[in-house]
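Q: Dropping the structure in here first, questions after.
The values are calculated or read from the model by the stated rules, or taken from the named source; none is laboratory data. All of these numbers come straight from a predicted model, not from anything done at the bench. Cβ coordinates were reconstructed from backbone atoms using ideal geometry, including for glycine residues, and neighbour counts include every protein chain displayed. With ligands, DNA and RNA removed, areas are computed over all heavy atoms of the protein, side chains included. Shrake-Rupley method; radii C 1.70, N 1.55, O 1.52, S 1.80 Å.
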Amino acid sequence: MYRNNNVADRIFHRQIATPPPGTTSHCVRRFYENIVPNHTVYDVECPDHSFRKFTVDGRYLITFSRNHRDLIVYRPKWLSFSYKGDEIDTFQELPSTAQKFESFFNLIYSVSLASCNELICKDFFLYMESNRFGLFATSTSQIQDASAVGGAVPGVPSIEKITFHLLRLEDGEILDVKVFVNDFVNLVHNPGVFLYDDLLSIVSLRYQIVHILQIRDSGHLVDVRAIGAFCRDDDELFLNSSSQASTANISSELHVAILNCACLAGFWSLCSNFISKMMNFFSISSYQCVGVPERSRLVAGNVENGYHHNPPNTDNSFLSGLKQRLLSFIFRRIWNEETDHRLRVQCLTKSFYFHFQDYVDLIIWKVQFLDRQHLLLKLGSVDGGVSRMADHHRAFFAVYDMETTVIVAFYQNSADDLYLLFERFCNHFHAASRNSLCMNFISSHSNNVHAQEQLRSLKNKAVSYSQFVKKMLVSLPFNCQSQSPSPYFDLSLFRYDEKLISATDRHRQSTDHPIKFILRRPPHSLRFKIKSGPEGGITDGRTKGISSFLFHPYLPLALSIQQTTYLNPSVVNIHFRR
């Protein structure tokens, strides 16, 4: 049946026809093929801010001051201006008053977040749509060569103070804060923090602890659990009480026995050194079986009963609870693969004991929620955890059950079975909040045939299938709220060059050529173009710099920001439907 693509025909067809079950929203989104941002205001007059993003409900535009100390929040509004004349010419230039930033956005408030020597992390922001809460972060400068003390991982930098601020975006009131001292959390584009419904995970790279918090409706950040050295809430209490009882019994009995023997033989002067060494040995043994708080107590009390004890050796301490569960899962999986005892021993020697130290040296890189009970952990070497080019480092994935505190799956980053899960159920790895409807329309190769074709093309062009799998799995776990839900990134509606622009929140190299959005369906015509920077391009010899694009989640409105150098103000273009 012939179908016209104008708006009137679409509205008429919507009135007389009923879409198939479950496709109503997709049919409505086809109207965006007609309603596009077809006009651009180049180099608009605007405050010199650092633009972050629109919230997923489209209510707020998040910006930061250039000195990274203040949060400035705007509310989008549609352009309106008076026009003098009898006939309206759509090609006529807009009046100068309409070519200002204030014509498209209203300033709601400005609030200072950073204090003293802290600065706002301009690439970090999470939005809780159900309560319209915003999570921001401020931090001090990073110390690269920080010493590994108190159980810290050697080689991981340290930040003296990291503060998470929970704000009510409606009025800018700070509801609660969470502070980490002498720690390191990766905040650039949210890889170290993940928000799922009202649950929040924060990964401490320096101390290898996954902090799980809950955001209450009242706006309070409540600690739920900390996964790392201990997996259950009472693990630390149990170990401390057991170690104290065993240490007291063993030390007292041994002390009395040796003293009695020494007195009977008259060799007290010869045995005193031996007694000191034995007591020191048992203090070290008990030290190995307890957690970090108990270790600090033993280190502090290194003078006891007149004997001078050497500080315990932290290199011999037991592994963390999470690492022990990981090693036990790997051991049991290899054990169950073979039924013959001799083959079991060979497989364990080859696959477990030979790589034992490699497994012990793994650290957590990133964490994301799969649901309210399961976490997807990415593990690797220390170098890969702190490097921005972690693609070249070997990595592993583990699925952890927070309720049973067990590892339920473990994969290498070249595992075929994990890739098949990623290919078929990619949407599940995004773990979108149940309250966010627009986030469910983000295109992926598990819900869009055009994305599947792109994936198939990449697979056919790959020289090595193993390298292709590693390249595809490098994005796991996905950064939280890192993709725009704008319908103009829907691959069922438009086709565009993903090397220049995509739904992923990333800075890209600027180009003088406009980015074209072409209809996916017939007649495959050019619908609109987006160009960053000045209208005529950069002509003063400056470098092109980088560009970022902020699309409103449902309005035909977008911002393109081009930054050449830090000292020069950004060039902001506003693209909208006229």
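Q: For H68 and R495, calculate 0.36 nm times their separation in residues minus their Cα-Cα distance, and state this gained length in nm to one decimal.
A: 150.1 nm
Q: Quote to one decimal, in nm, the extra length available between C347 and H524 on full extension: 0.36 nm per residue of separation minus the C-alpha distance between them.
A: Here the answer is 58.0 nm.
Q: R508 to E403: FRET efficiency via 1/(1 + (r/R0)^6), r the Cβ-Cβ distance, R0 35 Å, to the nearest 0.05?
A: 0.25
Q: Using label points projected 7 Å from each Cα along Cα→Cβ, tell me how many nm separate N568 and S387, to one decimal.
A: That separation, rounded to one decimal, is 3.3 nm.
Q: Does a label point 7 Å from the Cα of H374, set along Cα-to-beta-carbon, have any residues of region 462-479 with amide nitrogen under 17 Å, and which are they?
A: Label zone hits: 476-478.
Q: Just the accessible area per residue of region 371-494, please: how many Å² with a 1.4 Å probe?
A: Value returned for region 371-494: 47 Å² of accessible area per residue.
Q: Over 5 Å intervals from 0, what percent of Cα-Cα pairs in region 52-182 sits in each interval?
A: 2, 9, 16, 16, 13, 11, 9, 8, 6, 4, 3, 2, 1, 1, 0, 0
Q: May I pose another question? In square angstrom, rounded to the nearest 10, how much accessible surface does W78 have for a 1.4 Å probe?
A: For W78, solvent-accessible area is about 110 Å².
Q: Before anything else, pin down the relative contact order of region 108-194: Cα pairs under 8 Å, at least 6 apart, normalised by residue count, whole percent.
A: Reported as a whole number, the value is 28 percent.
Q: Moving on. Going by Cα centres, region 175-221 and region 449-510 are how many Å apart?
A: 27 Å
Q: Now for a separate question. Quick one: with all protein chains in place, what share of the accessible area of region 404-498 is carbon or sulfur, to the nearest percent (1.4 Å probe)?
A: 53 percent
Q: Given the Cα atoms of region 421-528, and with Rh set as the inverse mean 1/r over their pairs in the Kirkwood sense, what is Rg to Rh to two decimals?
A: Radius of gyration over Kirkwood radius for region 421-528 works out to 0.96.
Q: Cross-link list K53/K499; K470/K529; K161/K471; K53/K529; K366/K471: which exceed 24 angstrom alpha carbon to alpha carbon?
A: Correct reply: K470/K529; K161/K471.
Q: Along the Cα-to-C-beta direction of D416, a point sits 7 Å from the Cα; which residues of region 447-476 have their amide N less than 11 Å from that point?
A: What the label zone holds, given the 11 Å backbone N cut-off, is 466.
Q: Follow-up. Under Stokes-Einstein, with the Kirkwood radius over Cα pairs standing in for Rh, what whole-number D in µm²/s applies to region 342-497 at 37 °C and 0.692 mPa s?
A: 187 µm²/s
Q: Ok, one more. At 7 Å along the Cα-to-beta-carbon direction for both S147 and R14, put a label point, then send me their distance in nm to one decimal.
A: Going by the 7 Å Cα→Cβ label model, 6.7 nm.
Q: If you don't mind, another one. What is the spin-label model distance, in nm, from Y109 to V177 if the labels are put 7 Å beyond Cα along the C-beta direction?
A: 1.6 nm
Q: Right, here's the next one. Give me the dipole magnitude in Debye, nearest 20, for region 392-531 about the Cα centre, with unit charges on the beta carbon: positive for Lys and Arg, negative for Asp and Glu.
A: Dipole size: approximately 720 debye.
Q: Still on this structure: Counting other C-beta atoms within 10 Å, and keeping those with at most 15, which DSSP coil chymotrypsin sites (Phe, Trp or Tyr not before Pro) do you find in region 414-523?
A: F425
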